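The numbers here are math on the coordinates, done by the rules we state, and not lab data. Computed from a prediction, not measured in an experiment: that's the story for all the values here. Note: ideal-geometry Cβ built from the backbone for every residue, glycine included; neighbour counts use all protein chains shown.
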Amino acid sequence: MKTLWIVSGGAEAMPGIRRAKDMGLHVVVSDGSPKAPGALLADSFVLASTYDVNATVKAAKRYHREQRPVDGVISVAADVPLTVASVAAALGLPGIPLETAQLAADKLAMKRRFAEKNIPIPWFQAVDSSEHLHELIRQRGFPLVIKPVDSRGARGVLRLSEKVDLDWAFQHARDNSPTGRVMVEEYLSGPQISTESLLLTGKAYTPGFSDRNYEFLECFSPYIIENGGEQPSALSPSDQETVKRCAEAAGRAMGIGAGIAKGDMVLTSEGPKVIEIAARLSGGWFSTDQIPLATGIDLVGAAISVALGGSPSDEELTPRYRRGVAIRYFFPEPGIITAIHNIEKARQIPGVYKLDFFLGPGEKVEPVTNHTKRCGYVITSGADRSEALSRAAEVIGTVRIETRSV
């Protein structure tokens, strides 16, 4: 029996842990919380923060030496490429190079690599101070996007316009960077797409292709908040292929020889451009639930196989069908939740695949400033995109979340 080390035991990692166990693997989960749900499901649990590279590597080496050999390492829905790559390097396991993981964890270095490799990207620039930001605005004008170089979940990401206090915006972005580094980039107009590719030697597959939904962009401005996405894409087949090839090329440019490349893409009037690439299985239930629901492709299983040194077949990565899938989020008024009504009624709506909440009665709904502030979600499926979207809208309209102001 082979052993797979999974970095993160959070709720979104649970489908990956289950899939690994279904594959007959001995599963070790490491997480910084002893109460992580994956701790109970794993065959072995190791207490180590997913972001603490040294502690995780030390624990993995000890486990590998004293308990049983580790054959592969992966993360599921956790943006910790450097932790995963460091464990792989320390134990001599398959994985992306450390340099690639470092690029994936640093948006500025990533953009510089893309520029070197002629990958189409928005204009970008490091920002040293609020005075520097003012100068860049004088040169470039609005709109621009300011963001931390090394954060996640849309923390600290703002769309800059004439209405935004630039001094505050710079400080906000810097406060959300673990290293205090900030960058700005051109705001790209056009359809935004989430892609998820599996890159192999000489081959690339992109089964994940979802149109991102920013219908509340103005409502939450200057924060850039996504309200889910939907499959199959409304883009033409030729446009989809162009975006896929661009995302795959970006993953190669980062040095991903065999592994996942999760792309944030925009189809502009000049063609597709890359916002960023994550070198790991996506969160938001995209890799674990939405992609297999829409295509029949077991991307998580394929990624686990690669992490163990395998190479999935063409058949495994070819869509078996194309169904409609949508995900939408709940955004109640800020305050203390007093009640959530009609949950069971909503679950009876045809096509409801998952309906869950991050907060419950008695807990506080914060103003929406990043993706961690969303209150809950629903994933729906249908015969096509339209049916999935209609069902998701019906669920959002059925559930009623009451809050009281504080």
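Structure values in brief
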| quantity | calculated |
| --- | --- |
| Farthest toward positive dipole pole in the stretch 3-93 [+1 Lys/Arg, -1 Asp/Glu at C-beta], among TYR63, VAL87, ILE6 | TYR63 |
| Descending semi-axes in whole angstrom, ellipsoid equivalent of the stretch 123-186, from the Cα gyration tensor | 17, 11, 11 |
| Most positive-pole-ward Cα, PRO120, ALA303, GLY141, against dipole of the chain from beta carbon charges | ALA303 |
| Most positive-pole-ward Cα, GLY351, TYR321, ALA392, against dipole of the stretch 285-406 from beta carbon charges | ALA392 |
| The stretch 189-322 - charge dipole about Cα centre, Lys and Arg +1 at Cβ, Asp and Glu -1, debye rounded to 20 | 360 |
| Given LYS61/LYS147; LYS262/LYS354; LYS117/LYS147; LYS244/LYS354; LYS35/LYS58; LYS147/LYS354, the pairs whose alpha carbons are separated by over 25 Å | LYS61/LYS147; LYS244/LYS354; LYS147/LYS354 |
| Ratio Rg/Rh, restricted to the stretch 325-404 and using Cα atoms, in which Rh is the Kirkwood radius | 0.99 |
| Zone residues, the stretch 33-59, relative to ALA89, backbone N less than 15 Å from point 7 Å out along Cα-to-Cβ | 52-58 |
| Assigned charges on the beta-carbon of Lys, Arg, Asp, Glu; the stretch 3-93 dipole about Cα centre (debye) | 220 |
| Distance in nm between pseudo-label sites at TRP168 and GLU131 (7 Å out along the Cβ direction from Cα) | 2.3 |
| Estimated dipole of the stretch 325-404 in Debye, rounded to 20 [Cβ of Lys and Arg +1, of Asp and Glu -1, Cα centre] | 60 |
| Distance cut-off 23 Å, percentage of C-alpha pairs in the stretch 3-93 lying past it | 9 |
| Long-range amide H partners of ILE275 with built H, under 5 Å | ASP264, MET265, VAL266 |
| Space enclosed by the convex hull of the alpha-carbon atoms of the stretch 189-322, per residue, Å³ | 109 |
| Label point distance in nm, GLN102-ASP384, each placed 7 Å from Cα along Cα→Cβ | 5.0 |
| Ranked GLU276, GLU230, criterion: other C-beta atoms within 10 Å, fewest first | GLU276, GLU230 |
| Against the rule of thumb 2.2 N^0.38 Å, how large the Cα Rg of the stretch 70-223 comes out | 1.18 |
| Binned Cα-Cα distances of the chain, short to long, each 10 Å bin given as a whole percent | 5, 21, 32, 28, 13, 1, 0 |
| For the stretch 216-272, alpha-carbon Rg relative to the globular expectation (2.2 N^0.38 Å, N residues) | 1.37 |
| Distance in nm between pseudo-label sites at ILE336 and ARG138 (7 Å out along the Cβ direction from Cα) | 5.0 |
